[in-house]
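The values are calculated or read from the model by the stated rules, or taken from the named source; none is laboratory data. Computed from a predicted model, the values in this text were never measured in an experiment. Heads up, the Cβs are rebuilt from the backbone with ideal geometry, glycines too, and the neighbour counts pull from every protein chain shown. Protein only, heavy atoms only, side chains kept; ligands, DNA and RNA dropped before computing areas. Shrake-Rupley method; radii C 1.70, N 1.55, O 1.52, S 1.80 Å.
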There are 4 protein chains.
Amino acid sequence: MSYLSTHADRSLDFIAIGRLCIDLNANEINRPMEETVTFTKYVGGSPANITIGMARMGVKAGFIGKVAGDQMGRFIVSYLERNQINTDEIVTDHTGAVTGLAFTEIKSPTDCSILMYRDNVADLLLRPEEVSEAYIARAKVLLISGTALAQSPSREAVFVALDFAKKHGVSIVFDLDYRPYTWTSKEETATYYNLAAEKCDIIIGTREEFDMMEALERRTESSDALTAAKWFGYSAKLVIIKHGKAGSIAYTHDGLSHTAASFPAKVVKTFGAGDSYAAGFLYGLMQNWTVEKSMEFGSGAASIVVSSHSCSDAMPTASEVESYIARCKSEEMK
Amino acid sequence: MSYLSTHADRSLDFIAIGRLCIDLNANEINRPMEETVTFTKYVGGSPANITIGMARMGVKAGFIGKVAGDQMGRFIVSYLERNQINTDEIVTDHTGAVTGLAFTEIKSPTDCSILMYRDNVADLLLRPEEVSEAYIARAKVLLISGTALAQSPSREAVFVALDFAKKHGVSIVFDLDYRPYTWTSKEETATYYNLAAEKCDIIIGTREEFDMMEALERRTESSDALTAAKWFGYSAKLVIIKHGKAGSIAYTHDGLSHTAASFPAKVVKTFGAGDSYAAGFLYGLMQNWTVEKSMEFGSGAASIVVSSHSCSDAMPTASEVESYIARCKSEEMK
Amino acid sequence: MSYLSTHADRSLDFIAIGRLCIDLNANEINRPMEETVTFTKYVGGSPANITIGMARMGVKAGFIGKVAGDQMGRFIVSYLERNQINTDEIVTDHTGAVTGLAFTEIKSPTDCSILMYRDNVADLLLRPEEVSEAYIARAKVLLISGTALAQSPSREAVFVALDFAKKHGVSIVFDLDYRPYTWTSKEETATYYNLAAEKCDIIIGTREEFDMMEALERRTESSDALTAAKWFGYSAKLVIIKHGKAGSIAYTHDGLSHTAASFPAKVVKTFGAGDSYAAGFLYGLMQNWTVEKSMEFGSGAASIVVSSHSCSDAMPTASEVESYIARCKSEEMK
Amino acid sequence: MSYLSTHADRSLDFIAIGRLCIDLNANEINRPMEETVTFTKYVGGSPANITIGMARMGVKAGFIGKVAGDQMGRFIVSYLERNQINTDEIVTDHTGAVTGLAFTEIKSPTDCSILMYRDNVADLLLRPEEVSEAYIARAKVLLISGTALAQSPSREAVFVALDFAKKHGVSIVFDLDYRPYTWTSKEETATYYNLAAEKCDIIIGTREEFDMMEALERRTESSDALTAAKWFGYSAKLVIIKHGKAGSIAYTHDGLSHTAASFPAKVVKTFGAGDSYAAGFLYGLMQNWTVEKSMEFGSGAASIVVSSHSCSDAMPTASEVESYIARCKSEEMK
């Protein structure tokens, strides 16, 4: 069966709404940021990374968002365009807002951290009236990201986009992407995550993210099966719960659960693993592959990204993922 | 059929969540406020007025809200208690917030206005974690009021209350009560009104309020029947649309519409008409009266309130409404 | 000698800059506000009260300030005009700011308190570019009040007014009027009080207010003589330190200190004592009376005000104060 | 004569209070920032640059400020320490504030711009109670920078520092350093610049900066001589007004004015010219050189800095400046 809309008449396979920002990755790695000297600039932000990943794999993609009216904003739009992503609905802020920044620090492959600049950022200033119903109606799939729910007016823009997507039969994917520093309280976070998730077809997140969403239910223990069942009671058809190194589990509304192996990688850093996984997995579903095969493809894409320096710029093409998986499997057999 | 929950085991017939404030009504009427000298103090706020109205009619009522930690806050709680309203879940603010004020100006029976003080008010500081699931589970009916959605954290507190009510089979009534001055933009307002209304059993508002909620749909003309149909697509069973002097129309999810006559009144001011109407109407539904009879009872209560000086303190008992209606009908017959 | 400017060519004897607000005095006294029912509306705010007091005594007075664009604001302007106060430089806010309110509670003559509404008040929105140099140049004396320093842009408006007054030889009186709830921190308060006081000719305040101003000096004990000496090192010629019931002491820059007796009164409440004292005292200085006689006149005015229901509306004329003092003295002699 | 304090008993020659931030200079120059890829990290902020410049020249320097509690903050403190600057009074923020950033763009030697990140920056959170009187009492000279006046509580911290400096006979230098984006209005800016300047011994700024300070005086034309005379009416002994390429003019309170030649330079960018000039000039005054010789030394330091990639890291030693000036003069003679 198909988990994503297959409307033949849509000119865009995939659009995302939300954060567009800049990663500044330290060039000198395996040391604390106090000792790094130079940084390289990349486009970043979870929904941006996923969209770039999808576009690299050949998906016709677009983006709804807001960028700062400065050099950083222009760089972002131009990078997306070079990646064949439609930017017609990316608006430019004129209030003096800035582009969100993420300085990455790689002390070791397993000890990475991010220093965020998220005050007065343009992406959270997208207004509901700047979301085009016609644009959403042109798409098969809409991806929303939890961070865009963190503040007004971006929060309302996402709810408006959800309404338009429902109205036009666009499949909705929710990448939870919970970043505590942009939120006021756990209760506020859970409230809006839940209101959004009620309207989504596919929900992807870590166990910790789903726990946060269940904070108001005051349950004593978390259960993947109960979590998935809750969302099947609303609109969801597929819920993926990620358990870090222990792998991911996908629940489908037919009552089944699905897992897939992951692949070895020369890990440089952990950033970007989730975004490349989501890109690969959604690409798989769009090809009408099984949930298992799609998960495997997501894992392959993730292995490639964690072994390179950036998130967005390292996103592989579909054939690169296929080769990687084939190589891993043949080595395994030896 | 019954439009409200009839759980026999609930110790409270009705609870409301939201605004508790103070009306300061000019004693000298039929003149601009520049020329008034003295004011009389009453408890006010739409959900407070409705709850007081219900309690006067004999309904076992409670309230979830937050009051300022000062003389005004203490006056409100003590007034509710004197009216037999359960105040166990009214919490007191300790941040220095104030009580909302409404100075009323009555230039003539048809030219009334309100001067509001709504900055830093305690009622909008109710937090989601201050909403008791057990308390809501004790009730048959929960009333929410749109103004409580205007700001965080009160907004999230209402959504949490809606979740608890759904979980425990508590009927939900949404009194739209739209006050533009507490909101940032039409789009923000419409977003949260819609998210709340999707979860409600009964929705009561003016035509203008429903138009505001439909702002994002960019429809060219408004239609009561379409408005009602939209909400029957979610949880609603009954939608009342008020057209001022032209009367109200109630749509029920069986496809029928209902109207009822209104009664003559010696109008002193128009304030409080909607709140007393809601109290009377909901009281009627609780008695398992027909929609028409309930609407008539609401109209009777409203006629009594608009002919007196206050909103809350003028709320009639059920037998006062009955006598009034009987008297009006017998005079009519003459 | 003269402590106040005697420019013969000035068309205004006295102007004040700052707070214009509304007092709502409970009509039912000697009980907590929870039990009061009606309130009477008066113009209030320390500099407003002093200006009204001065005008009642026959001084040609004006006011620089900002009022809300509503009924309360219009009431204030019209009341000042009825008291012969020039209101040419009172501007009206158009941002939706409100009029500050003070609800007074009189539990007993010695147990009085005030419930303040000071969020988003118009008086603190006076902008520096709204202060007219020409208007200040028309005056002999400018009175500033500490509360106007509490927030931008009113704070900057006061400093601009001080500069204009210095430039045109207008005597400056600083009524400290410290209200902790409008300030962020003690250090912030002390900083701006000191910067303003450095430019003033006459400083009037309570011992506690002067202590607050000396907070950054981290002195262990307070001394009236040291306090006065500090300000004589800047621009001051006269410093009055009030010790409540123990009376006031005035230091003059010639090294002398001055005290005066107070008069008996049937005290209704303590509000307004300081403002009427200031009005009477400054009126005395304007008549070229001695410091002692001016202090006595201030005490007489204060005794009259504390024995009535309001602050502003109870301000006496000069002959009423004279009669009162004469009566008190003759009774004493008996 | 001496323009700076010569107290022999002071353990620090020079301390500055204010901004500590990070410059991120594009490595690829002569192109718009949209096309740059990598950035190099330096300590920045006008008072930081001046202090580093002074320390390089051999002056015993210290700093009063606040840094973010993150890798950027730790980098700043460690860089200052490596430059022999006392950091005992640099406190660390614990509220989640960030380090101010300045991304520099060098399109051509004469077309440079800066993209600033100044929201929620740690440096503006320095509180008055964090300013140590004892530390200031240990210094000969205190430098303040206008940007530190832009917001509370940093603004109050500067005024407290000024009071302590006055009390202990520490000479005060005011580097105007006006950055419009951190201020609300011209009137607010002028108000606090003037209040601070009234207490300073040496004031250094551009003609445009002095014009801003005179905005409230509504003069029709600006005059260097009138500007200087105004400040001699308060505490100033020396006022330097910079006219860009046309050179600087120094007024001294003896009524004289002074100019000095500037030197040729292979200009890479214009950033840092003012800071290195100030460092060199103040170093000269500390050596008891004439105003002219000090100005020449400042010009030499500026020529060196504008021909290199950074501001802070390029600050020369005293002997480097001397050699440079000697070389320029000998070449001139040829």
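Which value does Rg/Rh take for region A:1-122 over its C-alpha atoms, Rh per Kirkwood? Display every interim value, and only then the final one.
Numbers: Rg = 16.4 Å, Rh = 15.7 Å.
With Rg and the Kirkwood Rh in hand, the quotient comes to 1.04.
Quick one: if you take sqrt(5λ) for each eigenvalue of the C-alpha gyration tensor of region C:230-315, what semi-axes come out, biggest first, whole angstrom? Display every interim value, and only then the final one.
Working: eigenvalues 120, 31, 26 Å².
After diagonalising the Cα gyration tensor, the semi-axes are 24, 12, 12 Å.
Can you list the residues of region D:18-42 that have at least 50 square angstrom less accessible area with all protein chains present than in their chain by itself, probe 1.4 Å?
D:GLU34, D:PHE39, D:LYS41
Hey, can you grab everything whose amide H is under 5 Å from the amide H of C:ILE172? Only 5+ residues off in sequence or another chain; H modelled, so Pro and N-termini drop out.
Hits under the 5 Å cutoff: C:LEU142, C:ASP201, C:ILE202.
Which whole-number percent is the relative contact order of chain D (Cα, under 8 Å, 6+ apart)? Can you show the working numbers first?
On the way: 738 pairs, mean separation 58.0, N = 334.
The value is 17 percent.
Tell me the carbon and sulfur percent of the accessible area for chain C, rounded to whole percent, probe radius 1.4 Å.
Numbers: 6010 of 11860 Å².
Here it works out to 51 percent.
7 Å along Cα→Cβ for the label point: how many nanometres lie between D:THR259 and each equivalent label in the other copies, listed shortest first?
6.6, 8.3, 8.9
If each label sits 7 angstrom from Cα along the C-beta direction, how far apart, in nm, is C:ALA8 from its counterparts in the other copies?
Result, one decimal in nm: 6.0, 9.9, 10.3.
Which one of A:PHE164, A:GLY255, A:SER132 is farthest out on the positive end of the charge dipole of chain A, using unit charges on Cβ (Lys, Arg +1; Asp, Glu -1) and the Cα centre as origin?
A:GLY255
Which percent of Cα-Cα pairs in region C:178-334 sits in each 10 Å bin, short to long?
Using 10 Å bins, I get a P(r) of 10, 36, 33, 17, 3, 0 for region C:178-334.
B:THR95 label points, 7 Å along Cα→Cβ, one per copy: pairwise distances from this copy to the rest in nm, shortest first?
Going from nearest to farthest copy, the values are 1.6, 2.1, 2.1 nm.
GNM on chain D, C-alpha springs below 10 Å: top fluctuator among D:SER248, D:SER312, D:SER185?
D:SER185
Hey, can you find the accessible area per residue of region C:244-334 for me, probe 1.4 Å, expressed in square angstrom? Write out the running numbers ahead of the final one.
Values: 4130 Å² over 91 residues.
Per residue, region C:244-334 has an accessible area of 45 Å².
May I ask you to derive the FRET efficiency for C:THR290 and C:SER78 from their Cβ-Cβ distance with R0 = 41 Å, giving the value to the nearest 0.05?
Between C:THR290 and C:SER78 the formula returns 0.65.
What FRET efficiency do you get for C:LYS245 and C:ALA134 if R0 is 56 Å and r is their Cβ-Cβ distance, rounded to the nearest 0.05? Please list the in-between numbers first.
Working: r = 43 Å, r/R0 = 0.78.
The pair C:LYS245/C:ALA134 has a calculated efficiency of 0.80.
Give me the one-decimal nm value for the distance between modelled label points at C:ASP9 and B:SER319, 7 Å along each residue's Cα-to-Cβ direction.
About 8.3 nm, to one decimal.
Note down the Stokes-Einstein diffusion coefficient of region D:169-218 in µm²/s, whole number, using a Kirkwood radius over alpha carbon pairs, 25 °C, and 0.890 mPa s. All intermediate terms of the calculation are to be shown ahead of the outcome.
Values: Rh = 11.3 Å.
Estimated via Stokes-Einstein, D reaches 217 µm²/s.
Relative to a virtual label point 7 Å from the Cα of C:SER257 in the Cα→beta-carbon direction, which members of region C:221-239 show backbone nitrogen distances below 11 Å?
Under cut-off, by backbone N: C:223-229.
In terms of modelled amide H atoms, which long-range or inter-chain residues lie less than 5 Å from the amide H of C:SER248?
The answer is C:HIS243, C:ALA260.
What residues have an amide H closer than 5 Å to that of D:ILE90, excluding those fewer than 5 places away on the same chain, when H is modeled at 1.01 Å from N in the peptide plane?
Sorted by chain and number, the residues that satisfy this are D:GLY65.
Closest to the D-onto-B rotation axis, which residue of chain D has its Cβ, and how many Å off the axis is it?
Result for the axis mapping D onto B: D:THR95, 9.
With only alpha-carbon pairs counted, each pair once and no self-pairs, how large is the Kirkwood hydrodynamic radius of the protein assembly as shown in angstroms? Could the numbers behind the result be given before it?
On the way: mean 1/r = 0.0283 Å⁻¹.
Computed over the protein assembly as shown, the radius equals 35.4 Å.
Whole number in Å², please: accessible area per residue of region B:51-165, 1.4 Å probe, ligands, DNA and RNA not counted.
Values: 3370 Å² over 115 residues.
Per residue, region B:51-165 has an accessible area of 29 Å².
Taking the Cα centre of the protein assembly as shown as the origin, how large is its charge dipole in debye, to the nearest 20, when only Lys and Arg (+1) and Asp and Glu (-1) carry charge on their Cβ atoms?
Details: 132 positive and 168 negative charges, 1 e Å.
So the magnitude is around 0 debye.
With +1 on each Lys and Arg Cβ and -1 on each Asp and Glu Cβ, how big is the dipole of chain C about its Cα centre, in debye rounded to the nearest 20?
Details: 33 positive and 42 negative charges, 104 e Å.
I would put it at about 500 debye.
So what are the ³J(HN,Hα) numbers for region C:99-116, from phi and the Karplus equation (6.51, -1.76, 1.60; θ = phi - 60°), rounded to whole Hz, Gly and Pro as x?
Running phi through 6.51 cos²θ - 1.76 cosθ + 1.60 with θ = phi - 60° gives 8, x, 10, 10, 7, 9, 10, 10, 7, 7, x, 10, 10, 10, 9, 10, 9, 9 Hz.
With unit charges on the beta carbon (Lys/Arg positive, Asp/Glu negative), name the residue among A:ALA265, A:SER299, A:PHE281 whose Cα is farthest towards the positive pole of the charge dipole of region A:221-305.
A:ALA265
Could you check how many percent of all C-alpha pairs in chain A are farther apart than 30 Å? Could the numbers behind the result be given before it?
Values: 16889 of 55611 pairs.
That tail contains 30 percent of the Cα-Cα pairs.
How far, in nm, would the chain grow between C:ARG327 and C:HIS94 when pulled straight, counting 0.36 nm per residue and subtracting the alpha carbon separation? Walk me through the intermediate numbers first.
Numbers: separation 233, 0.36 × 233 = 83.88 nm, distance 4.91 nm.
Additional length available on full extension: 79.0 nm.
Can you compute 3J(HN,Hα) from phi for each residue in region D:295-306, using the Karplus curve 6.51 cos²θ - 1.76 cosθ + 1.60 with θ = phi - 60°, rounded to whole Hz and x for Gly and Pro?
Couplings: 5, 4, 5, x, 4, x, 4, 5, 4, 5, 5, 5 Hz.
Can you give the helix-only mean residue ellipticity at 222 nm for chain D, where every DSSP H stretch with n ≥ 4 adds -39500 (n - 2.57) and the sum goes over all residues, rounded to the nearest 500 deg cm²/dmol?
Working: 10 runs with 116 residues, N = 334.
Computed ellipticity for chain D at 222 nm equals -10500 deg cm²/dmol.
Taking the simple approach of a point 7 Å from Cα along Cα-to-Cβ for both D:SER308 and C:ARG179, what is their distance in nm?
Spacing of the two 7 Å Cα→Cβ label points: 5.6 nm.
Provide the per-residue ³J(HN,Hα) series for region D:165-176, in order, calculated from phi with Karplus coefficients 6.51, -1.76, 1.60 and θ = phi - 60°, each as a whole number of Hz, with x at glycine and proline positions.
Along region D:165-176, the couplings run 5, 4, 4, 10, x, 8, 5, 10, 10, 10, 8, 4 Hz.
Any idea which of A:GLN71, A:GLY58, A:ALA102 is furthest toward the positive side of the dipole for region A:41-121, if Lys and Arg beta-carbons carry +1 and Asp and Glu beta-carbons -1?
Most positive-ward Cα: A:GLY58.
If you put +1 on each Lys and Arg Cβ and -1 on each Asp and Glu Cβ, how big is the dipole of region C:204-289 around its Cα centre, in Debye rounded to 20? Display every interim value, and only then the final one.
Numbers: 9 positive and 9 negative charges, 53 e Å.
Taking the Cα centre of region C:204-289 as origin, the dipole is about 260 debye.
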